[in-house]
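Colleague: So that we are looking at the same thing, I have put the structure below in structure tokens.
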Amino acid sequence: MLTDLRHLLRLFAIGRCFARQDALFVLREAPVGAGARSLLGLFQSAFGRRWPERREGERLAAALGELGPSFIKLGQVLSVRPDLVGAALAEDLGRLRDKLPPFSWAEARAVIEAELGAPVDSLFAHIETEPVAAASVAQVHLAETSDGRAVAVKVLRPGVETAFARDLTLFAWLADAAERHVAGMARLRPRDVVASLRDWVAIELDLRLEAAAAGELRDNFCDDPDVLVPAIDWQRTARRVMTVERIRGLPIEDRGALQEAGLDLHELAARVIRVFLKQALRDGYFHADMHHGNLFVSTADGRLELVDFGIMGRLDLKTRRFMAEMLGAFLTGNWRRAAEVHFEAGYVPADRDVNAFAQACRSIGEPILDRPVTEISIGRLLAQLFQITETFGMRTQTHLLLLQKTMVTVEGVARSLDPEINFWEVARPVIEDWARDNLGPAARLREMAETLNDTLRRLPAILDGLERLAAAPATAATATATATGKIQKPAPGRAAAWALWAIALGLIAVAAALH
């Protein structure tokens, strides 16, 4: 009861904030009763104001930003769920950025020394006491290590874990109540939204995990001419502190400075697209927050410099094949094939009509094919496709929604540099190289060999278990004969074991042939 009361008081404060930002439309459109709607009207009258010049998404983003870090992260989670909030709201929430006043140097110093177990003066030859950036979760100080390397030190905001824990408990309480008591809410799976938020927060609040993400991405782009991922200083990294190589590039949003530095904006736009496709297609591991604020450009060689690795996406090989084949089918007008790949991937239930789904694909693709290539947005094409697939029983694929949202962001960054950039002209070499290596007969044989090798590695344990299973009837028969004095026909356990070993030898022969 006391917990419920605390949640209700917190909801009252949240409602006042939503009213001030004219964002109560979110609750008015929810499937709630007439009494609740009347209460919302009173709230708006007592505490609200109108912002007719703002879009609904902008008003909602303002309310979430005012409520602090947990609500900002909730907005970012919802920005990749257009199936829940609609495409327009999702797009505005995708621009949600958080900036808060910095916390004091004394607090930052205390966190650094507690986490790294040494005085700041012994860890750094110099560290700036004023942060270069401050957000709701952490702030960043520029420094120089005791061995002379220029670094940036990210420090978690004191008390941020407590604030997240409180609000995540509230979100879970609300999601549970909504699924149990509000008609139609279970279909939207609000508990899944809270679970996604909890996963993202776990990474953001343990900087070792963000550092590991940066390390994996850096390994994937070792010696790549298009991108630089800064190195992690693991000796000065812990749960609440991360030290990373300092980047010195220009912000990608500063077109004037980029042009003054003599950088080719068309080539830079193409590089943004190439870097994203290399991550998503080649590696299956991508930076999922590639907005302007996280991208810089080296004036020395024009390479992209990436920062902030708190939100990452991962795609397995099956998903990457699906994406490549599906996009290729759309852009060639092969609607039947576009539908078939959804069924082959298991995204659409097998009992649905593939011809009807092909027709739905045509309804999305036909209006696009006649437009100039420079006007085709792949991210928006995917958004429309995911909306239609729901009517055919396709469950929400969160990893695909994250990919779609990142695609929209990347296209926006590229077109801000060069409005005439031809996405497909840039993407084609990357996609063709990947398709040649991963979609042809040789790739299928290689995959079969890898699957077989994996089976062979597990074969001893499998055979051991099967031998015990085969021997069990014989053991039981012996025990029964001892107890009853009757002779039982022995079970063919040894014959079964020999058969299993024969199958294993056959598998080894096949694996050798495939290699």
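Colleague: Of all the accessible heavy-atom surface of the range 194-307, with the other protein chains kept in place and a 1.4 Å probe, what percent is carbon and sulfur?
Modeller: Values: 2120 of 4490 Å².
That fraction is 47 percent.
Colleague: Okay, next question. How much length, in nm to one decimal, is gained on full extension between I247 and E425, taken as 0.36 nm per residue of separation minus their Cα-Cα distance?
Modeller: Extending this stretch completely gives an extra 61.1 nm.
Colleague: Also, I was wondering about something else. Using Cα-Cα distances under 8 Å and only pairs 6 or more residues apart, what relative contact order does the range 120-219 have, in percent?
Modeller: Values: 96 pairs, mean separation 16.2, N = 100.
Value for the range 120-219: 16 percent.
Colleague: Same structure again: Quick check: residue separation of A163 and A125 times 0.36 nm, minus the Cα distance between them. What number comes out in nm? Display every interim value, and only then the final one.
Modeller: Working: separation 38, 0.36 × 38 = 13.68 nm, distance 3.34 nm.
This chain segment gains 10.3 nm when fully extended.
Colleague: With a bin width of 5 angstrom, please list the P(r) values of the range 80-142 as percents of all Cα-Cα pairs, from the 0 bin to the one holding the largest distance.
Modeller: Percent of pairs per bin, in order: 3, 15, 19, 16, 10, 8, 8, 9, 8, 4, 1.
Colleague: Okay, next question. At what distance in nm do the modelled label points of Q235 and R54 sit from each other, each positioned 7 Å from its Cα along Cα→Cβ?
Modeller: 4.8 nm
Colleague: Right, something else. What does the accessible area per residue of the range 205-302 come to in Å², with a 1.4 Å probe and no ligands, DNA or RNA counted? The partial results should precede the final answer.
Modeller: Details: 3890 Å² over 98 residues.
Per residue, the range 205-302 has an accessible area of 40 Å².
Colleague: Calculate the FRET efficiency for E113 and L11 from the Cβ-Cβ distance with a Förster distance of 45 Å, rounded to the nearest 0.05. Walk me through the numbers before you get to the answer.
Modeller: Working: r = 39 Å, r/R0 = 0.86.
That gives a FRET efficiency of 0.70.
Colleague: Also, I was wondering about something else. What are the equivalent ellipsoid semi-axes of the range 78-202, built from the alpha-carbon gyration tensor (square roots of five times its eigenvalues), in whole angstrom, biggest first? All intermediate terms of the calculation are to be shown ahead of the outcome.
Modeller: Values: eigenvalues 308, 54, 24 Å².
Equivalent ellipsoid of the range 78-202: 39, 16, 11 Å, largest first.
Colleague: Using Cα positions and a limit of under 15 Å, work out the aspartates and glutamates in reach of K318, with same-chain residues fewer than 8 apart set aside.
Modeller: D283, E340, E344, D437, E447, E450
The values are calculated or read from the model by the stated rules, or taken from the named source; none is laboratory data. Values in this document were obtained by computation on a predicted structure and should not be read as measured data. Every residue, glycine among them, receives a Cβ derived from its backbone with ideal geometry; neighbour counts consider all protein chains shown. Heads up: the accessible areas ignore ligands, DNA and RNA and are worked out on the full protein's heavy atoms, side chains in. Shrake-Rupley method; radii C 1.70, N 1.55, O 1.52, S 1.80 Å.
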